[in-house]
Amino acid sequence: MAKYVAIIGAGISGLPAIKQCLDSDLIPICFEQNSFIGGLWRYEDISEKNKEPYSTMYKGILTNTSKEMSTYSDFPIPADWPTYLNHSYVEKYIDMYAENFNLLPHIKFNTTVLKVSILPDKRWKVQYIIQTENKEKEEIFDFVMVCSGHHRKPKLPEFKGMNLFKGKQLHSYKYKRAIDFENKRVLVVGAGNSAMDIAVELTHVASQVYISIRSGKLPWITPRFLKGKTRDHINRFSAYIIPPSIRGKIKENSIIKSFLIPSHLKLPTDPLIATLPTINSEIFQCLAAGTIIVKPNIKELKSENNQIEFVDGTILENIDVVIYSTGYYIDYPFLEKHIYTGGDEIEQMYEKDFHDVVWLYRSIFPPKYPHIAFIGVALGAGAFLPISEMQTRYVTGLIKGSIKPLPSQNEMEISIRKYYENIRKNLCKSARSGIRLSYLPYMDALSKEVGCYPHPYEIFKKFGFNFWKLFMFGMATPIQYRLLGKDSWEGAKDAISLYNKFSFKNSIRGSRSYKSWIYILIVLLILLNRNGGFKKLINVYWKIFNK
């Protein structure tokens with residue numbers, strides 16, 4: 001019997017969910033409250049007709065992950081596009097993806113989901129309203145995938161005097177264009193990606209920009225390009241062979257040596273690998289030039305002369321605008337909160353030490369409600385697109401029964417607790433989040449469940465030594481998960497080769513025979529513990545060597 005799947009949201013998580021359902025012979029019905037696809041990535045300006053646009057994107061935004069690492073695995077972003085994409089390119093890619101796989105017919109546009117509730121037989125009732133009809137309806141589904149994201153409900157701090165301050169105050173989700181702040185004195189509150197991006201963008205038009213950082217010191221800031229290399233072009237060798245502490249220290253030294261950091265600013269004291277670094281390429285120049293001035297946490301906002309007092313006793317006057325770039329709450333108004341947070345007891349247990357407390361096995365499934373999945377609830381894990389896609393491959397495999405079922409509720413609960421304790425142990429408090437993931441280990445773990453893990457030995461056998469080198473030492477693009485196994489794609493090898501064409505060419509110069517011995521040694525080390533793999537590799541190598 002065909003299974004019906006409700007998909008809530010037609011953004012960058014909802015679209016691959018539709019596609020994977022279709023690939024798995026499931027029947028998807030996607031509910032999208034807007035008249036367009038793409039969710040938050042569909043830029044909307046504020047106007048008289050649209051005073052509260054859905055999108056939180058601002059006009060000057062760039063992706064923080066490269067196109068090579070941001071692509072869906074079987075539909076590569078064109079190789080000749082810029083390394084980092086603005087919202088126009090992202091919108092175009094999303095449209096191309098939806099058109100190529102004919103996803104639009106499966107979407108109910110202008111449809112707001114009001115409530116999703118579980119039935120006694122573990123199916124789900126979805127109540128919704130079509131805006132043009134203004135009539136409430138409901139449908140029953142075997143499974144629900146929540147793909148509406150976690151950047152909708154703004155999180156505002158509470159400072160004394162906010163209600164008395166006569167300047168303009170807004171959350172960054174309402175920020176759209178720098179030109180609106182021409183000749184203004186602006187204070188940006190926050191130290192994350194959006195805060196830094198907005199502050200830098202404002203320096204081109206504002207009379208002065210300040211940025212308030214709660215800790216009073218800069219976070220680790222990583223530019224999009226470091227020493228001429230794209231920041232996120234990780235490879236499997238360094239990710240698994242070089243210890244994280246060493247990788248982190250190398251990057252720390254590169255940042256310190258490559259950029260002029262004003263002497264009056266304090267460097268982070270926590271190791272880079274224990275934090276959530278901010279991505280920005282221009283902030284150091286602005287700090288050195290004084291076009292952005294760092295301030296500590298706010299103590300009080302005052303009505304007199306638009307003053308703002310900080311915890312160090314300093315005062316700024318005549319501040320025209322305060323922009324709070326202070327994040328978002330994870331919120332699904334159509335669901336009871338305990339479904340994704342685990343309930344009051346769990347929230348109270350972890351909320352003091354963690355941001356964004358959710359209670360999801362593999363960051364997807366509530367242990368008590370295994371027939372609902374949350375897609376794209378991730379932070380610090382690289383690009384959302386491939387993470388969401390892999391999650392939907394995993395979920396549809398479970399619905400279809402083609403992969404190993406979920407563990408028991410108790411086993412899932414234990415796994416989540418271990419996840420939180422691991423984060424508590426390895427990350428500083430400001431970086432602890434219940435949605436924090438590590439990209440490559442997470443993707444590899446899910447791909448093993450799905451049946452599409454690109455095992456190095458199998459890559460060596462199928463594609464040969466030269467491509468194996470590219471696979472191990474080139475960028476670990478998501479396309480690698482289409483090389484082998486379930487839903488493999490015959491174009492994957494060529495797409496990976498094209499993406500790596502320029503970044504890998506320098507690494508294969510020099511003595512080929514010398515390099516080959518190094519690569520062979522690495523293979524032996526990687527596969528040493530694989531049952532039978534070591535012996536097979538020796539046999540393969542000697543056959544090649546003796547030809």
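The values are calculated or read from the model by the stated rules, or taken from the named source; none is laboratory data. Every value quoted in this text rests on a predicted model; they were computed, and no experiment measured them. Methodologically, a virtual Cβ is constructed for each residue, glycine included, from the backbone with ideal geometry; neighbour enumeration extends over all protein chains shown. Surface accessibility is based on the protein's heavy atoms, side chains included, excluding ligands, DNA and RNA. Shrake-Rupley method; radii C 1.70, N 1.55, O 1.52, S 1.80 Å.
Each row is one residue, and each column tells you yes or no for (1) outside any helix (DSSP H, G or I); (2) without any contact (Cβ under 8 Å) to a residue 24 or more places away in the chain; (3) farther than 21 Å from Leu385 by Cβ.
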residue: Ile459; (1), (2), (3): no, no, yes
residue: Trp468; (1), (2), (3): no, no, yes
residue: Ala476; (1), (2), (3): yes, no, no
residue: Gly485; (1), (2), (3): yes, no, no
residue: Ser488; (1), (2), (3): yes, no, no
residue: Asp494; (1), (2), (3): no, yes, no
residue: Tyr499; (1), (2), (3): no, no, no
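With the condition being aliphatic (A, V, I, L, M) and under 29 Å from Thr230 (Cα atoms), I'd like the strands (runs of 3 or more DSSP E) fully within the range 74-190 carrying at least 1 qualifying residues. Break it down stepwise before answering.
Values: elements: 111-118, 124-130, 135-141, 143-146, 168-171, 185-189.
Once the strands (runs of 3 or more DSSP E) in the range 74-190 are filtered for at least 1 residues that are aliphatic (A, V, I, L, M) and under 29 Å from Thr230 (Cα atoms), what remains is 185-189.
Checking each residue in the range 424-445 for being farther than 28 Å from His455 by Cβ and surrounded by fewer than 17 Cβ atoms within 10 Å (Cβ to Cβ) picks out Arg424, Lys425, Cys428, Lys429, Ser430. A single member of Tyr420, Tyr369 is among the hydroxyl-bearing types (Ser, Thr, Tyr) and over 27 Å from Asp23 (Cα atoms), and it is Tyr420.
For the range 172-190, give me each residue that is surrounded by fewer than 18 Cβ atoms within 10 Å (Cβ to Cβ) and in contact (Cβ under 8 Å) with a residue 40 or more places away in the chain.
Once the filter is applied, which keeps residues that are surrounded by fewer than 18 Cβ atoms within 10 Å (Cβ to Cβ) and in contact (Cβ under 8 Å) with a residue 40 or more places away in the chain, the range 172-190 yields Lys174, Arg177.
Here Asn297 does not fit the description of being in contact (Cβ under 8 Å) with a residue 40 or more places away in the chain, more than 23 Å from the chain's Cα centre (by Cα) and on the phi > 0 side of the Ramachandran plot. Please work out which residue is nearest to Ile403 (Cα to Cα), limiting yourself to the range 18-35 and to residues that are open to solvent by 40 Å² or more (accessible area, probe 1.4 Å) and in a loop (DSSP other than H, G, I, E, B). Across the range 18-35, the extreme among qualifying residues is Asp25.
Among the numbered conditions (1) surrounded by 17 or more Cβ atoms within 10 Å (Cβ to Cβ); (2) in contact with a helix residue (DSSP H, G or I) (Cβ under 6 Å, 6 or more places away or on another chain); (3) at negative phi, the only one that Trp81 does not meet is (1).
Only residues that are in a helix (DSSP H, G or I) and more than 28 Å from Pro277 (Cβ to Cβ) were counted across the range 367-411, and they come to 10.
Of the numbered criteria (1) closer than 17 Å to Ser388 by Cβ; (2) open to solvent by 20 Å² or more (accessible area, probe 1.4 Å), the one Asp45 fails is (1).
Can you give me the number of residues within the range 198-225 that are at pLDDT 95 or above, outside any loop (DSSP other than H, G, I, E, B) and open to solvent by 10 Å² or more (accessible area, probe 1.4 Å)? Spell out how you get there, then give the answer.
Residues of the range 198-225 that are at pLDDT 95 or above, as a first pass: 198-212.
Still in the list and also outside any loop (DSSP other than H, G, I, E, B): 198-202, 208-212.
When the remaining residues are screened for being open to solvent by 10 Å² or more (accessible area, probe 1.4 Å), the result is 201, 208, 210.
Number satisfying all stated conditions: 3.
Residue under question is Ile255, and the condition is that it be open to solvent by less than 50 Å² (accessible area, probe 1.4 Å) and in a helix (DSSP H, G or I); does it hold?
Yes: the conditions hold for Ile255.
Among the conditions (1) under 28 Å from His455 (Cβ atoms); (2) open to solvent by less than 60 Å² (accessible area, probe 1.4 Å); (3) modelled with pLDDT under 90, Lys229 misses just one, which is (2).
Within the range 430-444, residues that are within 13 Å of Ile234 (Cα to Cα) sit with their Cβ atoms under 8 Å from residues that are open to solvent by less than 20 Å² (accessible area, probe 1.4 Å), at 6+ positions apart or across chains, in these pairs: Ser438/Ala381; Tyr439/Ala381; Tyr439/Ile387; Leu440/Arg236; Leu440/Ala476. Screening Arg482 against (1) charged (D, E, K, R); (2) out of contact with any strand residue (DSSP E or B) (no Cβ under 9 Å at 6 or more places or on another chain); (3) over 24 Å from His150 (Cα atoms); (4) open to solvent by 10 Å² or more (accessible area, probe 1.4 Å) leaves a single unmet condition, (4). Is it the case that the range 94-109 has a residue that's modelled with pLDDT of 95 or more and farther than 30 Å from Val450 by Cα? Yes, there is a match, as at least one residue in the range 94-109 is modelled with pLDDT of 95 or more and farther than 30 Å from Val450 by Cα.
Out of the range 424-466, which residues are in contact with a Gly (Cβ under 6 Å, 6 or more places away or on another chain) and on the phi > 0 side of the Ramachandran plot? Steps first, please.
Of the range 424-466, the ones in contact with a Gly (Cβ under 6 Å, 6 or more places away or on another chain) are 436, 439, 450-452, 457.
Correct list: Gly451 only.
When Glu68 is tested against the conditions (1) touching a residue at least 60 places away in the same chain (Cβ under 8 Å); (2) among the charged types (D, E, K, R); (3) out of contact with any helix residue (DSSP H, G or I) (no Cβ under 6 Å at 6 or more places or on another chain), the lone failure is (3). Looking only at residues of the range 272-304 that are open to solvent by 70 Å² or more (accessible area, probe 1.4 Å) and outside any strand (DSSP E or B), we find that the one that is modelled with the lowest pLDDT is Ile273.
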